[in-house]
């Protein structure tokens, strides 16, 4: 009888501990992401038609490496900086045809694709960082209020910049944020 009582007590204790972990109320997404959406003429979402690499300065963290066809990017903003800087480096792929004639007069034609760095734009996001606490069982998250966003074309050719203008659509960055910044692209 003593063994049965001990086993039942152990089972109840185990059940109680697992229940308390489930009732913590922590979100599955304990990180906040800022969503950058690409727009074209007529306020329509467009896909990138050039290769794009996005790097966060300071930490030198590559967020997107040679992506093409994206309509948006989700990224974490820094927890401590008041201004985050992102570098947008985009390429165009050029295809050239090379014809080679050998010693016997035979011609061979090959197509060569080459990625050429096109331009680098810097995107600056000024924000207020707000630590968010839910319970001792959950990690602390940081929400953000975007105050301003601007860009600078770092190219020798100012007309080749990626951005036309930037619009802050949803300034609050928290769990499940969407369409925070609208990046209108030069076309």
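Couple of notes before you dig in:
- Some residue of segment 130-140 being surrounded by 13 or more Cβ atoms within 10 Å (Cβ to Cβ) and closer than 27 Å to residue 47 by Cβ: no
- In segment 1-115, counting only strands (runs of 3 or more DSSP E) that sit wholly within it, the ones holding 2 or more residues that are at pLDDT below 65 span 83-101.
- Against the test of being within 19 Å of residue 180 (Cα to Cα) and touching a residue at least 40 places away in the same chain (Cβ under 8 Å), the options 50, 41 yield a single qualifying residue, 41.
The values are calculated or read from the model by the stated rules, or taken from the named source; none is laboratory data. All values derive from a computational prediction rather than experimental measurement. Reconstructed Cβ throughout: ideal geometry from the backbone, glycine too, with neighbour counts over all protein chains shown.
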